[in-house]
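Peer 1: Please read through the structure below; I'll follow up with questions.
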Protein chains: 2
Amino acid sequence: MPLLLNREKQDLDVILWDKETPCDREWLLKNAPGASALIVLVTDKVDAELLDAAGSKLRVVSTMSVGYEHIDAKEVAKRNLKLGYTPDVLTDAVADISIMLALMAGRNARETMTIVNDGRWPEYNWSPFLFCGRQLSASRSSTTRTAGFIGFGRIAQATLARLVPFGFTHCLYTSNPSSKPKPTRDSQLASTLRLQSIKRVDLATLAEESDVVFVLAPGGDETRNLVDVEFLRKMKKRAVLVNTSRGTLVDSDALATALREGWIWGAGLDVVAGEPKIAADHPLVKEPK
Amino acid sequence: MPLLLNREKQDLDVILWDKETPCDREWLLKNAPGASALIVLVTDKVDAELLDAAGSKLRVVSTMSVGYEHIDAKEVAKRNLKLGYTPDVLTDAVADISIMLALMAGRNARETMTIVNDGRWPEYNWSPFLFCGRQLSASRSSTTRTAGFIGFGRIAQATLARLVPFGFTHCLYTSNPSSKPKPTRDSQLASTLRLQSIKRVDLATLAEESDVVFVLAPGGDETRNLVDVEFLRKMKKRAVLVNTSRGTLVDSDALATALREGWIWGAGLDVVAGEPKIAADHPLVKEPK
């Protein structure tokens, strides 16, 4: 990747960046001219400069990702190009990882695995509550569970469905402010999943009332640092945060402070702002939770 | 723990081992005489010697655990004592951990977390299949999933319920050979959970046909090393093994070989035979999978 397809008559001419490193920008600009299609990854920025370089034969831009914040959609539209993306391919995969990270963050998986890996398990005597953390499932003494979703698309809904047999009873979500409320869809979905309620709320209510917050909104400038000091301060002390969308939605420094000072119980992160440049001394890598 | 209760008239006299280390055997034998109840943990062996030491006032032995392989039940019955245990307290907790470990084993969680912890993430460039592993959920290209349970009690059934929205379609299980088959219960449960089938099978069939094998049977001599070289050799290459019951059911050396040589995809272990004496050079700690 990227693939640059030049279609002359009926033949397809494929120009492929075949190295394992992200595609070199200069190579891309140099090879784009005459392409009828650009097939890119999240690491390739598609902007006016690249589209101009490709020229008038370009018909399609497609990205192998759910998100397309690396593509300037306005510039694509202005040129009457088709924009392709891969919305449903990873739905189940990301929903799986979201559940995994919610469980791991609650149960201190990172802390306990480090103890075992370092050979320090023998220092611990078994006792009934050793290494225990927060239970994801509802229990007899705590019979309700509220899942909060920042962004409520396909992946969020697939994640919610997986939470039902864990005893989740309520769902809160936030959406892009410009999108219309869907109360009928919400109540139908609640009934299908046998949840007591699914409600669209503001960010503050979501932070205050959720037992687990899943960040599953698109990246880009509009959602940058949605999870910041203010949001984390409002969360329940025993709640966990899971981010399986884009690292840019969460303020890493604020989250590191929240974990260190116990504002929240833990966090499960599949993405971090600035990845893969995340060294061992990154503030989040240093937090066992 | 243990608590030794001496009931004289209406008062309760409580003798408590209040250290964090497992209860000292000599202390237990010395303090047992005259107790009307023994409340113990899995680390306390309850045998003829201890019961004799307690003497004729003893009425009840109770353990704070689901399993009671550390208690000689025959000796307890012979003396007409009541035996207490805590069967349902941890059902949801263990089911949660079982799902977590199935997800982690499939997705190489241990390997990737080690890379991040060691500060080696910057060495990896993002690519679409980087760090990918086996997806727990069914997918369009692979539409069925079979869960196998060694032991099919409350925890196994709670785990199975959680797997349904992950697209699991079939369930196989093995039971204690002396227990009666329950085909009606099985078909009712399959219908409630909307599974295509739930079937009791022999150990070889379970190994051969399961995508995930959950070990959830009691410990003790009868189930020792049920998961051995022969079992692991029969498993699918892309299957994972999860043990959240007792370490004694799995032959650790055989499992380490299976992981190293790729007989199976990975393993998620909440328990290991001999724990907590598991050092960094234990064969299983050395296996990234």
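Peer 1: Considering only the range A:245-278, how many residues are more than 11 Å from A:L232 (Cβ to Cβ), among the β-branched types (V, I, T) and more than 12 Å from chain B (Cβ to nearest Cβ)?
Peer 2: 1
Peer 1: Turning to a different aspect of this structure: Taking the range B:236-257, which residues are assigned to a loop (DSSP other than H, G, I, E, B) and within 19 Å of the chain's Cα centre (by Cα)?
Peer 2: B:A239, B:T244, B:S245, B:R246, B:D251
Peer 1: Given the conditions (1) within 14 Å of chain B (Cβ to nearest Cβ); (2) within 27 Å of A:E69 (Cβ to Cβ), and given that A:T223 satisfies all but one, which numbered condition is not satisfied?
Peer 2: (1)
Peer 1: If you don't mind, there's one more thing I want to ask. For the range A:106-118, does any single residue satisfy the condition of being in contact with a Phe, Trp or Tyr (Cβ under 9 Å, 6 or more places away or on another chain), at the interface with chain B (Cβ under 7 Å from one of its Cβ atoms) and surrounded by 15 or more Cβ atoms within 10 Å (Cβ to Cβ)?
Peer 2: Looking through the range A:106-118, at least one residue is in contact with a Phe, Trp or Tyr (Cβ under 9 Å, 6 or more places away or on another chain), at the interface with chain B (Cβ under 7 Å from one of its Cβ atoms) and surrounded by 15 or more Cβ atoms within 10 Å (Cβ to Cβ).
Peer 1: Against the definition (open to solvent by 10 Å² or more (accessible area, probe 1.4 Å) and within 12 Å of chain B (Cβ to nearest Cβ)), how does A:Y124 come out, yes or no?
Peer 2: Taking the combined requirement at face value, the residue satisfies it.
Peer 1: Scanning the range A:127-140 for residues that are within 8 Å of chain B (Cβ to nearest Cβ) and at pLDDT 75 or above, which turns out least open to solvent (accessible area, probe 1.4 Å)?
Peer 2: Checking each candidate, the answer is A:S137.
Peer 1: If you take the residues in the range B:258-289 that are assigned to a loop (DSSP other than H, G, I, E, B) and of a type in the set (K, R), which one is most open to solvent (accessible area, probe 1.4 Å)?
Peer 2: Only one residue fits best here, namely B:K277.
Peer 1: Right, next: Since B:I155 meets every condition but one in (1) touching a Leu at 6+ places or on another chain (Cβ under 6 Å); (2) buried (at least 19 other Cβ atoms within 10 Å of the Cβ); (3) within 11 Å of chain A (Cβ to nearest Cβ), which condition does it not meet?
Peer 2: B:I155 satisfies all of (1) touching a Leu at 6+ places or on another chain (Cβ under 6 Å); (2) buried (at least 19 other Cβ atoms within 10 Å of the Cβ); (3) within 11 Å of chain A (Cβ to nearest Cβ) except (3).
Peer 1: Which condition does A:E230 not pass, out of (1) charged (D, E, K, R); (2) modelled with pLDDT of 95 or more; (3) surrounded by 16 or more Cβ atoms within 10 Å (Cβ to Cβ), if it passes all the others?
Peer 2: Of everything listed in (1) charged (D, E, K, R); (2) modelled with pLDDT of 95 or more; (3) surrounded by 16 or more Cβ atoms within 10 Å (Cβ to Cβ), A:E230 misses just condition (3).
Peer 1: A:V201 is checked against (1) under 30 Å from B:R194 (Cα atoms); (2) in contact with a helix residue (DSSP H, G or I) (Cβ under 9 Å, 6 or more places away or on another chain) and fails just one. What number does that condition carry?
Peer 2: Among (1) under 30 Å from B:R194 (Cα atoms); (2) in contact with a helix residue (DSSP H, G or I) (Cβ under 9 Å, 6 or more places away or on another chain), the lone unmet condition for A:V201 is (1).
Peer 1: Let me ask something additional. Of all residues being hydrophobic (A, V, I, L, M, F, W, C) and in a helix (DSSP H, G or I) in the range B:106-126, which is farthest from B:V240 (Cα to Cα)? Just the residue, please.
Peer 2: By that ranking, first place goes to B:W121.
Peer 1: Is it true that some residue in the range B:129-142 is part of a loop (DSSP other than H, G, I, E, B), closer than 30 Å to B:V42 by Cα and charged (D, E, K, R)?
Peer 2: The answer is no; no qualifying residue exists.
Peer 1: Next question, about the same structure. Write out, first by first residue and then by second, each pair whose Cβ atoms fall under 8 Å of each other, whose residues are 6+ apart or on separate chains, and whose first residue, in the range B:1-18, is modelled with pLDDT of 75 or more while the second is open to solvent by 80 Å² or more (accessible area, probe 1.4 Å).
Peer 2: Listed by first residue and then by second, the contacts come to B:D13/B:R7.
Peer 1: Could you say whether any residue in the range A:190-210 is of a type in the set (A, V, I, L, M), open to solvent by less than 20 Å² (accessible area, probe 1.4 Å), part of a strand (DSSP E or B) and closer than 23 Å to B:A109 by Cβ?
Peer 2: Checked the range A:190-210: no residue is of a type in the set (A, V, I, L, M), open to solvent by less than 20 Å² (accessible area, probe 1.4 Å), part of a strand (DSSP E or B) and closer than 23 Å to B:A109 by Cβ.
Peer 1: Could I ask something else about it? Does any residue of the range A:185-192 turn out to be within 14 Å of chain B (Cβ to nearest Cβ) and in contact with a strand residue (DSSP E or B) (Cβ under 9 Å, 6 or more places away or on another chain)?
Peer 2: Yes: one or more hits.
Peer 1: Regarding the range A:203-226, can at least one residue be identified that is basic (K, R) and either out of contact with any Lys or Arg (no Cβ under 9 Å at 6 or more places or on another chain) or under 19 Å from A:L136 (Cβ atoms) (or both)?
Peer 2: yes
The values are calculated or read from the model by the stated rules, or taken from the named source; none is laboratory data. Worth saying up front: this structure is predicted, and the values here are computed from it rather than measured. Backbone-built Cβ (ideal geometry, glycine too); neighbour counts: all protein chains shown. Side chains included, ligands, DNA and RNA excluded: accessible areas come from the protein's heavy atoms. Shrake-Rupley method; radii C 1.70, N 1.55, O 1.52, S 1.80 Å.
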